[in-house]
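These notes concern the structure reproduced below.
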Amino acid sequence: MEKDYIRAAFSKNEGEKVRLAGWVNTVASLGKLLFINLRDSSGLIQVVVKKDKINSVDFDEIKELGRESSILVEGEVRKDKRAPGGVEILAQKVTIASSSSKDFPIRKGVSSKVLGNYRHLSIRSRKFSKLLLIRSELLRLFRDWLIRNDFKEFSCPTLITAACEGGATLFELNYFGKKAYLTQSSQFYLEAGIFSLEKVFTLQPSFRAEKSKTRRHLTEFWHLEVEEAWCDLNGIINLEEDIVADVLKELDLKMGQEIRSINPNFSPPEKPFKKITYDEAIALLSREGIKVEWGSDLGADEEKALVNIVGGPVFVTHFPKKTRAFYHKPDPQRDEVVLSNDLLFPKVGEIIGGGERISDYNVLLKRIKEEGYSPKDYSWYLDLRKYGSVPHAGFGLGIERVLVYVLDLPNIKFAIPFPRTISRIYP
Ligand code: ATP
Ligand code: MG
């Protein structure tokens, strides 16, 4: 098939002969004239079909085309102020690639449930195309940033045997008669990877059986995870700040127009971000009348309140040990807190969780036992501390949470083409 098609949104000159390929949005008939609103991945364009310029059998067939029919158009560019985009194509030939069934289920006013049931079709909308383009660019920019900064992409398994973030949100499955799980995080495997490549990352789905309905939890989300050898808490905080601020600035440069068509108020956050300890955080909250018992984790509401108090993105560090998974390194100055950090953002709360890992074999063994896990299940993970351990730190960032922030989405399910939540696994 010849591929010399021009995109709807590309600039064109008066009189230029062009070929377009796309999907019919609407066909309006005005006697001997048809106006086709044609869509491709770049945008919309108006195609005008004149009965006397085209075979009349074709004309009648085009007139009857249903929404989403795919067509190829050959024609000439004409400037026309009334046309969306300022130009239209006067068709000389229209070829119908596939005529669409007339009952396209997505119409104005359909409920959000119907839109969700037909997500495989609703992603064709202009707004969704833009959103998915921004998502694609965001993924590319994160990868590029890491590769530019000497990180290596390291692929990790999805099928695993031991919990990383605690048993409550594990999806269990039958693995040839043995229990296995879908991974909640690739962190442990990345930790193995640093002994081979030192600075590693992965961008892949993590799975969490989140049992409550919230606007910021998916059961399958895209997790950017980074792990670095010879790195401590401060080192990893600096890395998180740099990657997030740089990537969002680059995203704004590349996709600013598309972003603002969805969220007119977006501006990329400036570094440095504020940094406070957990103790300072609960003191700040308490001043606003929000009581957090020392030792409880911060919930979405507290995170949002903190971001408002601070007036922008904020790192919270040194969480109580009991609020964090067993692998976090206890603070040598104060054993009841760990060298961890969360990065909280406006509109969504936590976008990153990270910190320094325990690198000492005996400390890790003790923490595994304290949490009631079996050291046998973590035998290979303990090996990483047995054979030439190094200080190291890392973080995990939720791609969809970043998109909720950038695009001010009302719900995280709009940040991914095919969301998985407690109430949705179809389509
Ligand atoms: P939360 O407290 O918000 O449930 P978490 O502390 O359990 O998150 P981490 O284990 O720290 O999350 O995971 C790292 C990052 O992955 C989070 O900061 C967040 O951006 C993202 N993330 C975690 N769980 C989910 C989820 N269910 N859906 C979407 N993103 C998630
Ligand atoms: Mg976290």
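The values are calculated or read from the model by the stated rules, or taken from the named source; none is laboratory data. All figures in this text were calculated on a predicted structure; none of them were measured in a lab. Glycine gets a Cβ as well: all are built from the backbone with ideal geometry, and neighbour counts include every protein chain shown.
Contact map, segment 208-225: residues that are over 27 Å from Leu190 (Cβ atoms) paired with residues that are of a type in the set (A, V, I, L, M) and within 16 Å of ligand 2 (Cβ to nearest atom), Cβ distance under 9 Å, separation 6+ or inter-chain. Pairs shown: Arg215/Ala300; Arg215/Val348; Arg215/Val404; Arg215/Ile412. On inspection, Thr183 fails the criterion of being touching a residue at least 40 places away in the same chain (Cβ under 8 Å), out of contact with any helix residue (DSSP H, G or I) (no Cβ under 6 Å at 6 or more places or on another chain) and farther than 19 Å from Phe142 by Cα.
May I ask you to verify whether Arg135 is buried (at least 16 other Cβ atoms within 10 Å of the Cβ), among the charged types (D, E, K, R) and under 30 Å from Tyr327 (Cα atoms)? Spelling it out, it is not the case that Arg135 is buried (at least 16 other Cβ atoms within 10 Å of the Cβ), among the charged types (D, E, K, R) and under 30 Å from Tyr327 (Cα atoms). Select from segment 186-216 the residues that are of a type outside the set (D, E, K, R) and more than 23 Å from Arg143 (Cα to Cα) and write down the one among them that is modelled with the lowest pLDDT. Looking at the filtered set, the residue picked out is Ser212. Of the residues making up segment 384-408, just one is of a type in the set (Gly, Ala, Ser), within 20 Å of Val314 (Cβ to Cβ) and more than 14 Å from ligand 2 (Cβ to nearest atom), namely Ala393. Identify, please: which residue in segment 145-166 is in contact (Cβ under 8 Å) with a residue 40 or more places away in the chain and part of a helix (DSSP H, G or I) and is, among those, farthest from Ala209 (Cα to Cα)? Checked segment 145-166; the qualifying residue farthest from Ala209 (Cα to Cα) is Trp145. Scanning segment 359-386 for residues that are more than 14 Å from Cys164 (Cα to Cα) and in a loop (DSSP other than H, G, I, E, B) yields a count of 2. Identify all residues within segment 338-384 that are more than 16 Å from ligand 1 (Cβ to nearest atom), farther than 21 Å from Glu227 by Cβ and in contact with a strand residue (DSSP E or B) (Cβ under 7 Å, 6 or more places away or on another chain); write none if there are none. Hits for segment 338-384: nothing passes. Considering (1) touching a Ser or Thr at 6+ places or on another chain (Cβ under 9 Å); (2) away from ligand 2 (no atom under 13 Å from the Cβ), the lone condition that Pro346 does not fulfil carries the number (1).
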